[in-house]
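Undergrad: Sharing a structure with you now.
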Amino acid sequence: MRAPQATRTTALHAGAWWLWALGLATAASRTTNPLLLGLLVGVAGYVVAVRRTDAPWARSYGAFVKLGLVVIGIRLVFAFVLGSPIPGTHTLVTLPEVPLPDWAEGVRIGGRVTAEGMVFALYDGLKLATLLICVGAANALANPSRLLKSLPGALYEAGVAVVVAMTFAPNLVADVQRLRAARRLRGRPDRGFTALLQVGLPVLEGALERSVALAAAMDARGYGRSARVPRAVRHTTSALTLGGLLGVCAGTYGLLGDTGAGYGLPLLLAGLAAALAGLWLGGRRSVRTRYRPERWGPRACLVAASGIAVAGLTIWAGGYAPAALHPPAYPLTAPVLPLWPAAALLVGLLPAVVAPAPAATVTTAATTTARTAQKEPSQ
């Protein structure tokens, strides 16, 4: 199946990208093997590289990668200064220990820093960084405005707030890059604390102007207006939605945790059913209409299924090979790449083949081919 060029009608559903990314994030939460986590980062990065567009939100992936590196650094610093619960025999350095009162038993500042504790902190920080990178991949690939159109009517107001919050960071990054490029063209420094202060004021001014324009546009389109429904329907909607969301949280915790997989899946399914019923009833309050509603096509189903398959296969692999997914930090051993879990993670590369190619990528390839054809006669 050859991927077509992405247009308004062939563009992938935004929810499919989020399901794919959440599947990768679920797989990352089930392992601390640095080789598998690095493979997940590579899978997400490759799909983003070949399928993201030139939109402002697509430029935020690099910021999430940098944030992941910062998280790893902070985790290592905390383990170095505050110690680690993992015992170790390989001492790297011994810091001066600060005496603490009796009520702070179990907490220390300074003392012996072991290689086992630092390796455990590295695995833990890499796991959290991979989760952030997977979320960044979804933020770079999914169109926030199209995602908003796909939300149920009951979540329209909350969805607008979430989408505005999601698009604020990419637009902020784009503004900073634009202003730094302008300073370089004028021969002014674009790095350092002074340059940051001079760039920060225009960025803040642009964010305020964008928020005022957005508020005016939302008010002109009747944002926040709703129809009247009976009180019994409102109470039933609230009970179903709240109970369903609590069931989803409890079921997800049971599935992602090391124990509780037996009750996790039934509780998750019951919570989803109750939440969907509550959202369907709550949608009766919405008086808005949908112009060109988003539809799930075969390619969107394949992309979402690839992420779900990665999550399911990783959870299944954790049952028969837990040592491969969680290499011990004590004693120190080199992590081994398990073949079947690694092959399961490679299923996440399916969107790079079936998802529609962005227009910029197709245009660039055609332009390169045309230039090469023009140069051949002269050579």
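Quick note: the coordinates plus some simple rules give every number you see, no bench work behind them. All values reported here derive from a predicted model rather than from experimental measurement. Neighbour counts are summed over all protein chains in view; Cβ atoms, including those assigned to glycine, are modelled from backbone coordinates with ideal geometry.
Undergrad: Sum up the charges of everything whose Cβ sits under 12 Å from the Cβ of Leu40, counting Lys and Arg as +1 and Asp and Glu as -1, but leave Leu40 out. Don't skip to the answer; put the middle values down first.
TA: On the way: positive: Arg30, Lys127; negative: none.
Neighbour charge sum, excluding Leu40 itself: +2.
Undergrad: What value in Å³ per residue do you get for the convex hull of the alpha-carbon atoms in the range 12-51?
TA: Values: hull volume 1.7 nm³, N = 40.
Output value, Cα hull per residue: 43 Å³.
Undergrad: Also, quick follow-up: For Gly117, what charge total do you get from the other residues with a beta carbon under 14 Å from its beta carbon, if Lys and Arg give +1 and Asp and Glu give -1? Write out the running numbers ahead of the final one.
TA: Values: positive: Arg75, Arg108, Arg112; negative: Glu116, Asp124.
Neighbourhood net charge equals +1.
Undergrad: What's the local net charge at Arg186, with K and R +1, D and E -1, over the other residues with C-beta under 14 Å away?
TA: Working: positive: Arg178, Arg180, Arg183, Arg184, Arg188; negative: Asp190.
My count for the surroundings of Arg186 gives +4.
Undergrad: I've got another one for you. Kirkwood hydrodynamic radius of the range 1-122 from all distinct Cα pairs, in Å? Write down the numbers at each step before the final one.
TA: Details: mean 1/r = 0.0553 Å⁻¹.
Kirkwood hydrodynamic radius for the range 1-122: 18.1 Å.
Undergrad: Assign one of three labels to the range 65-109, namely rounded, prolate or oblate, based on the Cα gyration tensor with a ≥ b ≥ c the square roots of its eigenvalues; rounded applies when a/c is under 1.5, prolate when it is not and a/b is larger than b/c, and oblate otherwise. Intermediate values should be presented prior to the final figure.
TA: Details: a/c = 2.46, a/b = 1.65, b/c = 1.49.
Prolate is the answer for the range 65-109, as a/c is 1.5 or above and a/b outweighs b/c.
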